[in-house]
Amino acid sequence: MRVCIAGKNKIAVESLRFITQQYPEHEFLAIANRTDSGEDGFQPSFKKAANQLGIELIGLERLLQSGADVFVSLEFDRIIKAEHIECCRCYNIHFSLLPAYRGVYTSAWPILLGESHTGVSLHEIDGGIDTGPVIDQFRFEISADETAESLYEKYQSHAFLLLKKNAAALLDGTAVGVPQSGGGSYFSKESIDYSNLDIHCDMDAVELSRQLRAFYFPAFQVPVLHGFRVMSPRVTDHRSSHPPGFVVEKSDTRICFATRTFDVVCDLFPEVGG
């Protein structure tokens, strides 16, 4: 049987290594994301890992002709269309508790909307976006100081556990999905403009804290608040007596801003050479 793994980052790398080691009787193919340079960055390169394991890398357009029996998407950057999945059983691990938070930015939106929990979902790929029958899920807590960066790491670790738990069923065809029920929610790439993150203090302190944490992912961006790169926001119990955005106090490492409700203390993001 031929198995094709597609995706990026630690979840795809660890899953590829696990499956090839545990099920050596199968043949394997890999499809890397288009942005994968083959070199490790803040995350390990899937393309590099596939090359190290001696696994053939193909393009998505070759999937149909590859003879693959099983296709598993793990943070893959392409939308899988009907013509891609006619040849094999296709699965995806999505970083949310489907049917909630279909689409993208699942490390930001649950924090922005004040969710207490999220999770990962293993589902069949159908003609929609994250709409296929759900095979299994893991649920976990979003901590009070969760950032997009830390939440993404939680997603990856739980997704790997989910893959390991269900790998045998995916390969032997016994995995059974249950159709998603309810309307759920969906967020597109247009739902957040990361090139123009307008963060300011003219809001509730809790909402400000959520925004600063939801957009904290140093590999991509660090929130800028009134000209200061900040991290680790904490809502104080001191009700603001100054206009929103007023710098109540500042040191070399911390800064305190007034908001519509309570003051918020943030650590200053350390600058290179600082």
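What are the residues in the stretch 222-242 that are open to solvent by less than 40 Å² (accessible area, probe 1.4 Å) and within 26 Å of the chain's Cα centre (by Cα), if any?
Hits for the stretch 222-242 are Val222, Pro223, Leu225, Val230, Pro233.
Does Arg229 meet the test of being outside any loop (DSSP other than H, G, I, E, B), farther than 17 Å from Ala144 by Cβ and among the basic types (Lys, Arg)?
yes
Please give the strands (runs of 3 or more DSSP E) falling wholly within the stretch 1-107 in which 3 or more residues are at pLDDT below 95 and not small (Gly, Ala, Ser).
Filter on the stretch 1-107 gives an empty set.
Please find, among Ile129, Ile125, Ile93, Ile111, the residue that is surrounded by 21 or more Cβ atoms within 10 Å (Cβ to Cβ) and more than 22 Å from Gln43 (Cβ to Cβ).
Step by step, each of Ile129, Ile125, Ile93, Ile111 is checked, and only Ile125 is surrounded by 21 or more Cβ atoms within 10 Å (Cβ to Cβ) and more than 22 Å from Gln43 (Cβ to Cβ).
Assuming Cys266 fulfils every condition listed in (1) out of contact with any Lys or Arg (no Cβ under 9 Å at 6 or more places or on another chain); (2) outside any loop (DSSP other than H, G, I, E, B) apart from one, which condition is it?
Only one criterion in (1) out of contact with any Lys or Arg (no Cβ under 9 Å at 6 or more places or on another chain); (2) outside any loop (DSSP other than H, G, I, E, B) is unmet by Cys266, namely (1).
What tally of residues in the stretch 154-206 results from selecting those that are within 22 Å of Arg139 (Cβ to Cβ), surrounded by 14 or more Cβ atoms within 10 Å (Cβ to Cβ) and touching a strand residue (DSSP E or B) at 6+ places or on another chain (Cβ under 8 Å)?
The qualifying residues number 16.
For a quick check of your reading of the model, give me the residue pairs whose first member lies in the stretch 102-120 and is free of Cβ contacts under 8 Å to residues at least 60 places away in the same chain and closer than 16 Å to Leu212 by Cβ, whose second is part of a strand (DSSP E or B) and open to solvent by 10 Å² or more (accessible area, probe 1.4 Å), with beta-carbon atoms closer than 9 Å and at least 6 apart or on different chains.
Pro110/His117
Output the residues belonging to the stretch 207-221 that are open to solvent by 20 Å² or more (accessible area, probe 1.4 Å) and more than 28 Å from Gln43 (Cβ to Cβ).
Passing the criteria: only Glu207.
What's the total number of residues in the stretch 56-77 that are under 17 Å from Tyr23 (Cβ atoms) and surrounded by 18 or more Cβ atoms within 10 Å (Cβ to Cβ)?
Total meeting the criteria: 5.
Within the stretch 243-265, how many residues turn out to be open to solvent by less than 40 Å² (accessible area, probe 1.4 Å), free of Cβ contacts under 8 Å to residues at least 60 places away in the same chain and either out of contact with any Leu (no Cβ under 7 Å at 6 or more places or on another chain) or among the β-branched types (Val, Ile, Thr) (or both)?
Residues in the stretch 243-265 being open to solvent by less than 40 Å² (accessible area, probe 1.4 Å), free of Cβ contacts under 8 Å to residues at least 60 places away in the same chain and either out of contact with any Leu (no Cβ under 7 Å at 6 or more places or on another chain) or among the β-branched types (Val, Ile, Thr) (or both): 8 in total.
I'd like to check something: does the stretch 19-29 contain any residue that is buried (at least 19 other Cβ atoms within 10 Å of the Cβ), touching a residue at least 24 places away in the same chain (Cβ under 8 Å) and under 20 Å from Glu149 (Cα atoms)?
No, the stretch 19-29 has no match at all.
Residues in the stretch 121-139: is at least one closer than 27 Å to Ala168 by Cα and among the hydroxyl-bearing types (Ser, Thr, Tyr)?
Yes, some residue in the stretch 121-139 is closer than 27 Å to Ala168 by Cα and among the hydroxyl-bearing types (Ser, Thr, Tyr).
The values are calculated or read from the model by the stated rules, or taken from the named source; none is laboratory data. Just so we're clear, the structure is a prediction, and the values are computed from it rather than from any experiment. Note: ideal-geometry Cβ built from the backbone for every residue, glycine included; neighbour counts use all protein chains shown. Surface accessibility is based on the protein's heavy atoms, side chains included, excluding ligands, DNA and RNA. Shrake-Rupley method; radii C 1.70, N 1.55, O 1.52, S 1.80 Å.
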